[in-house]
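Down below is the structure, laid out as structure tokens.
The values are calculated or read from the model by the stated rules, or taken from the named source; none is laboratory data. Keep in mind it's a predicted model, so treat the numbers as computed, not measured. Here the Cβ positions follow ideal geometry from the backbone for every residue, glycine too, while neighbour counts run over all protein chains shown. Each accessible area value is taken on the protein alone, full model and side chains, heavy atoms only, with ligands, DNA and RNA left out. Shrake-Rupley method; radii C 1.70, N 1.55, O 1.52, S 1.80 Å.
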Amino acid sequence: VLAMAYKPLSHDGDLSFDDENELIFVGLLAMIDPPREEVFAAVEAAKGAGIKTVMITGDHKTTAQAIAKDIGIAEADDLALTGNELDNLSDHELDSILEKVSVYARVSPENKIRIVRAWQRKGHVSAMTGDGVNDAPALKQADIGIAMGSGTDVAKDAAAMVLTDDNFVSIIKAVEVGRNVFANIKKAVAYLFAGNLGAIIAIIFALIMDWANPFTAIQLLFINLVNDSFPAIALGMEKGEPDVFVAR
């Protein structure tokens, strides 16, 4: 919110601080940068997937809390800390309240690194987003540093990946795709293991019983060609399960 005022001057010279007194009030100008509509659903999806979203900003604490509650990052009983408040906490005190803090305001680059390290001490995988030079140390410290495509080159060099559209929703979509790929890899490995287990058991049993090898080399190659090619590829390209993005 900006207050607008003016004052007629009788001289054309340089202005002084005295000229800023006894101004005539005109009115108030309010500006807002509203969250993108898709962010609300993305934050809710992140919660369902077991992902804790934390806001770290240079804005005023009250403003940050209001935005965080509006988009669903902060719950009613969550805490918010400023950089000065964070500096007054020991590592042990920070660890004790870490999972209840959803907003950090007016923070320094050192504060950002400390927040990332605190989550890592608790055994969590941390992803940090940023676009400025002061974000680079925290991006480097995080398990996954995510730089904005519109950010500085320093931030991009320090990060593990670059978000070309500067959209939080893209991060959530990437996590969903990653989980689906991981699930498909497990399916393919389980299929290949189960498919070859029968042949392994048959060969080992034949050796133990001193029988002839039940398979020739050509037969084994043919089995591998049929079972381990197209079916495994199909499993690897399968669409995600409905619960792939649900926390377990």
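Within the range 114-241, what whole-number % of the accessible surface is contributed by carbon and sulfur, with the 1.4 Å probe and all protein chains included in the calculation?
C and S atoms contribute 68 percent here.
How big is the dipole moment of the range 70-182 about its Cα centre under a simple scheme where the beta carbon of each Lys and Arg is +1, that of each Asp and Glu is -1, and everything else is neutral? Debye, nearest 20, please.
Its charge dipole is roughly 360 debye.
Per DSSP H run of at least 4 residues, take -39500 (n - 2.57); add these up for the chain, divide by its residues and hand me the 222 nm value, nearest 500 deg cm²/dmol.
That calculation yields -15000 deg cm²/dmol at 222 nm.
Give the relative contact order (percent, whole number) for the range 1-57; include only Cα pairs under 8 Å separated by 6+ residues.
About 36 percent, as a whole number.
Would you mind telling me the share, in percent, of accessible area of the range 2-87 contributed by carbon and sulfur at probe 1.4 angstrom?
Taking all protein chains in place, the range 2-87 shows 56 percent carbon and sulfur surface.
For the range 69-111, state what percent of all Cα-Cα pairs lands in each successive 10 Å bin, counting from 0 Å until the bin that includes the largest distance.
27, 55, 18, 0
What net charge do the residues around Pro34 carry, taking every other residue with its C-beta under 15 Å from that of Pro34, with Lys and Arg at +1 and Asp and Glu at -1?
Residues near Pro34 contribute -3 overall.
How high is the relative contact order of the chain? Use alpha-carbon pairs under 8 Å, at least six apart in sequence, and give a whole percent.
14
Taking 2.2 N^0.38 Å as the expected size of a compact globular protein, what ratio does the Cα radius of gyration of the range 105-248 give against it, to two decimals?
Rg over 2.2 N^0.38 Å, computed on Cα atoms: 1.64.
Over the chain, average the accessible area per residue using a 1.4 Å probe and give it in Å², no decimals.
65
With a cut-off of at most 14 other beta carbons within 10 Å, and DSSP calling the residue loop, which trypsin sites (Lys or Arg not before Pro) in the range 96-141 qualify? Please list them.
Answer by residue number: Lys122.
Starting at 0 and stepping by 5 Å, how many percent of the alpha carbon pairs of the chain end up in each bin?
Computed distribution, short to long bins: 1, 5, 9, 11, 12, 11, 8, 7, 7, 7, 6, 5, 4, 3, 2, 1, 1, 1, 1, 1, 0, 0, 0.
Mind counting lysine pairs for me in the range 1-101? Cα separation below 17 Å, and the two need to be 8 or more apart along the chain or on different chains.
Pairs that pass both the separation and distance tests number 7.
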